[in-house]
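The values are calculated or read from the model by the stated rules, or taken from the named source; none is laboratory data. If you're wondering where the values come from, they're calculated on a predicted model, not measured in any experiment. Every residue, glycine as well, gets a Cβ built from its backbone with ideal geometry; the counts of neighbours run over all protein chains shown. Side chains included, ligands, DNA and RNA excluded: accessible areas come from the protein's heavy atoms. Shrake-Rupley method; radii C 1.70, N 1.55, O 1.52, S 1.80 Å.
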Amino acid sequence: MNHATRVYDSILELACNVDNPTPLVRLRRVVGLAHAEVWAKLEWYNPFGAVKDRVAQSLIKDSEERGLLTAGMRIVEPTSGNTGMALAMLANAKGYRFTATLSNKIPLEKRASLRLFGTDLRELDDDLCPAPGAPEGAIALAAKLGEEPGSFHPNQYKNPANPRAHEQTTGPEIWKQTAGKVTHFVAGLGTCGTLTGTGRFLKAQRQDIKVIGVHPVEGHDIPGVRSIKQLAQTALFAPSEYDGLIEVDNATAYQLCKRLNQEESIIAGPSSAMALAGALKHIPDEPGVVCVVIFPDNAFKYASSMQKHLPELFAGSKDTSGDPNLVNVVQLARASPDNISLADAQARVAQGAAFLDVRSLEEFTKVRAHGTTNIPLPGIVGGYAALPEDLAAPVVAICKSGMRSTYAMLLLKAMGYQDVKNVKGGTDAWVAAGLPTTSGA
Ligand SMILES: Cc1ncc(COP(=O)(O)O)c(C=O)c1O
């Protein structure tokens with residue numbers, strides 16, 4: 001390992017610490033202050049792209065040292081994305097399996113990266129940052145799966161190894177990089193490990209350093225952070241150790257995110273901009289003020305969020321992929337009464353409805369609901385499927401779990417079919433219910 005020449009024997013040696021700190025960059029154009037200095041700490045320079053890499057390393061190291069995590073075990077953790085990505089990569093490197101539980105509201109880019117990293121992903125209806133205490137949520141499921149033999153649940157939301165990671169790395173880096181001149185430390189609040197841990201180290205150096213937490217409004221769409229209501233139920237939230245709490249709304253965060261990228265040439269993500277907006281609301285514009293703001297990750301994982309919150313960037317764009325309006329149509333369709341139960345589907349088919357299985361021929365051949373005709377979705381999309389002539393004829397669509405058949409239902413309706421239903425749970429539910437199936441050509 002040689003940090004000077006950046007030569008490493010393994011990715012694990014790239015872990016950030018006081019000998020290999022993440023960069024600290026001065027902000028000028030978006031700050032609008034005459035005297036105070038504002039510095040951004042770019043946490044996407046961590047090996048797996050985010051501040052949570054520090055926490056993941058600390059959770060695993062601590063669990064191994066306490067003999068809770070041994071070779072071949074499965075790690076289970078709820079995440080809003082970044083901790084999951086770091087745990088997935090560390091698990092790959094160290095020979096563990098990894099199961100992540102998370103909200104299906106997390107940007108597709110993050111869920112796709114987790115799948116690419118080989119994660120066993122459990123997506124649920126939950127808040128953007130898993131809601132503390134939600135019985136059907138990601139946190140509860142991880143706790144349950146963590147009880148299974150051969151599994152371990154480190155629990156970033158309660159584990160002291162989370163803030164300790166920052167007390168041992170982020171804090172010492174900032175102290176050294178600012179030559180002890182830092183006066184204000186600012187970070188967004190999710191698990192609160194970053195602010196609480198780094199704040200503890202810095203205040204231990206000089207008690208007058210101001211530690212400021214920034215949080216989004218209720219109902220926000222800034223991945224990774226929590227609103228004040230959620231923070232109230234967050235174990236590592238330690239307001240008595242902070243000097244201030246600042247609230248920032250969605251639009252302010254996303255507009256500043258755009259400015260950071262366009263005016264400072266810094267590829268900051270939305271929660272970085274939220275933290276900076278909070279800092280700019282709070283710090284005094286005086287000589288000697290040196291403010292360090294944590295930038296947890298970059299913008300590359302948030303294209304779909306940018307499309308939602310910075311539509312002006314996409315004005316005139318013909319690209320409809322990920323178009324929030326379409327996403328809403330699909331979400332509404334999935335909640336509509338056109339999604340029918342297995343029993344209702346059986347009744348309609350018995351009354352003569354066309355029963356279309358829109359999965360691939362390969363899936364269809366393996367096992368299918370009895371009485372289905374195979375019309376793969378791409379054929380409907382491409383307009384070359386052999387569909388019923390009569391647009392008034394009742395149609396029941398089915399796929400593996402209900403997603404593709406929702407698209408098929410929407411497309412058929414758009415083509416003029418008047419009576420189209422979608423089977424909730426798809427073939428998986430049909431088979432699980434022991435209903436008649438067929439397989440083979
Ligand atoms: C993008 C992003 N921003 C901010 C945070 C908040 O950091 P912490 O959990 O240390 O409070 C997280 C945490 O997951 C995050 O992923």
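Structure notes:
- Considering the range 365-441, the qualifying helices (runs of 4 or more DSSP H), each wholly inside and each with 1 or more residues that are hydroxyl-bearing (S, T, Y) and more than 23 Å from Q351 (Cα to Cα), run over 403-414.
- Considering only residues in the range 53-72 that are of a type outside the set (V, I, T) and surrounded by fewer than 18 Cβ atoms within 10 Å (Cβ to Cβ), the one that is nearest to the chain's Cα centre (by Cα) turns out to be K61.
- Listed by first and then second residue, the pairs linking a residue in the range 1-18 that is over 20 Å from L42 (Cα atoms) to a residue that is surrounded by 10 or more Cβ atoms within 10 Å (Cβ to Cβ) and of a type in the set (G, A, S), with Cβ atoms under 9 Å apart and 6 or more places separating them unless they lie on different chains, are S10/A93.
- In the set (1) in contact with a Lys or Arg (Cβ under 7 Å, 6 or more places away or on another chain); (2) of a type in the set (A, V, I, L, M, F, W, C); (3) away from the ligand (no atom under 16 Å from the Cβ), A86 fails one condition alone, (3).
- Residues of the range 207-223 classified as in a loop (DSSP other than H, G, I, E, B) and farther than 12 Å from A275 by Cα, total: 9
- Number of positions in the range 265-276 that are surrounded by fewer than 24 Cβ atoms within 10 Å (Cβ to Cβ) and touching a strand residue (DSSP E or B) at 6+ places or on another chain (Cβ under 6 Å): 1
- Failed item, numbered, when F185 is tested on (1) within 19 Å of A56 (Cα to Cα); (2) touching a strand residue (DSSP E or B) at 6+ places or on another chain (Cβ under 7 Å); (3) not in a helix (DSSP H, G or I): (1)
- Residue match in the range 121-137 (condition: of a type outside the set (V, I, T), assigned to a helix (DSSP H, G or I) and either within 12 Å of the ligand (Cβ to nearest atom) or open to solvent by 20 Å² or more (accessible area, probe 1.4 Å) (or both)): no
- Output for the range 422-439, where each listed residue is open to solvent by less than 30 Å² (accessible area, probe 1.4 Å) and either aromatic (F, W, Y) or closer than 14 Å to K366 by Cα (or both): T427, W430
- Taken over the range 177-227, the residue count meeting the criterion of being open to solvent by less than 10 Å² (accessible area, probe 1.4 Å) and away from the ligand (no atom under 16 Å from the Cβ) is 2.
- Condition check for F152 on (1) under 21 Å from N20 (Cβ atoms); (2) away from the ligand (no atom under 16 Å from the Cβ); (3) among the hydrophobic types (A, V, I, L, M, F, W, C): one failure, at (1).
- Within the range 155-176, the set of residues being away from the ligand (no atom under 13 Å from the Cβ), in contact with a Ser or Thr (Cβ under 8 Å, 6 or more places away or on another chain) and open to solvent by 10 Å² or more (accessible area, probe 1.4 Å) comprises just one member, Q168.
- Against the list (1) out of contact with any Lys or Arg (no Cβ under 7 Å at 6 or more places or on another chain); (2) surrounded by 22 or more Cβ atoms within 10 Å (Cβ to Cβ), the condition T406 fails is (1).
- Among residues of the range 49-61 that are within 10 Å of the ligand (Cβ to nearest atom), those with a beta-carbon under 6 Å from a residue that is part of a loop (DSSP other than H, G, I, E, B) and open to solvent by 10 Å² or more (accessible area, probe 1.4 Å) at least six positions away or on a different chain give the pairs A50/P296; V51/P296.
- Screening the candidates G316, G288, G352 for the property of being within 30 Å of A187 (Cβ to Cβ), open to solvent by 40 Å² or more (accessible area, probe 1.4 Å) and either not basic (K, R) or not assigned by TED's automatic domain parsing to the domain that holds H220 (or both) yields one hit, G288.
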